[in-house]
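See below for the structure under consideration.
Coordinate-derived values only; no laboratory data. Predicted model only: the values in this text are computed from it and were never measured. Here Cβ is always computed from backbone atoms with ideal geometry, including for glycine, and neighbour counts include all displayed protein chains.
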Amino acid sequence: MTDQVRPRLRKPEFHGDCDVAAMVYGPGDDPDLVLRGFIRHLLGQGFDALGVVQRRRPDGPGFDGTAEFILVPDDEARGDAAGAERAATAACGTALQSIGARLSHALKRRPDIVILNRYGSLEIAGSGLLDVLAEAIERDIPVLIAVPEGLFGSWLRMAEGLAVKLGPDRPSLEAWWRSLGKAASDVSPGATFCERYK
């Protein structure tokens, strides 16, 4: 078993009060575009939104299977992909470990929401970003995760039915966010740490 798929010790402990939603998408959908737009929308409202999105180079001549994992808004603030973790598809577990460590560190500040780019084969094997999901649930931080239609059954079994299913569009995500009792923050987007956490 490789390092990329070695099961981790912490399994997410879903419960009736956790706020976890799966954005289920199909082959024609672009989940990262939707997630990135949603993160920017929340940031514009003054929420402390944090997430990881994935960007692949388009298929075509010279495509080398490279994917970029971008921590939003941190990497975008440094010039979009300046801090991105890049990895060939076969080695994306290594890049996700690095992103996962950065996300885990950021969870200590208790952001308003954490958005995860995928539930995929690494997560099914007990790796990927499962540690981040588990920690966010433990800290009562809402989580939104993209789940491909083909893996929804596996996701449902892991979540034991204790997660909301959403469509791959902004109106669905915003309706879920409002259902959590979230309204636009009175804190301005450019507020300092002290202003935000008074």
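Data for the structure
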{"item": "Protection proxy ranking of 109-121, 138-150 - average other beta-carbon atoms within 10 Å, highest first", "result": "109-121, 138-150"}
{"item": "Residues whose placed amide H lies under 5 Å from that of Val72, excluding near-sequence neighbours", "result": "Gly51, Val52, Val53"}
{"item": "Simple spin-label estimate for Leu162 and His41 in nanometres, 7 Å along Cα-Cβ", "result": "2.8 nm"}
{"item": "³J(HN,Hα), Karplus 6.51/-1.76/1.60, whole Hz, each residue of the range 153-169, x for Gly, Pro", "result": "x, 5, 4, 4, 5, 5, 7, 6, x, 9, 9, 7, 9, 10, x, x, 8"}
{"item": "Among 42-50, 98-106, the order from most to least packed when residues are scored by Cβ within 10 Å on average", "result": "42-50, 98-106"}
{"item": "Segment Ser98-Asp140, length gained on full extension (0.36 nm per residue, minus Cα span)", "result": "12.8 nm"}
{"item": "Burial ranking of peptide ranges 33-40, 15-22 (average Cβ count within 10 Å, highest at the top)", "result": "33-40, 15-22"}
{"item": "Other-chain or far-sequence residues with amide H under 5 Å of Val164's (modelled H)", "result": "Val20, Ala21, Ala22"}
{"item": "Theoretical FRET efficiency, 1/(1+(r/R0)^6), r = Cβ-Cβ of Ser121 and Arg170, R0 22 Å, to 0.05", "result": "0.20"}
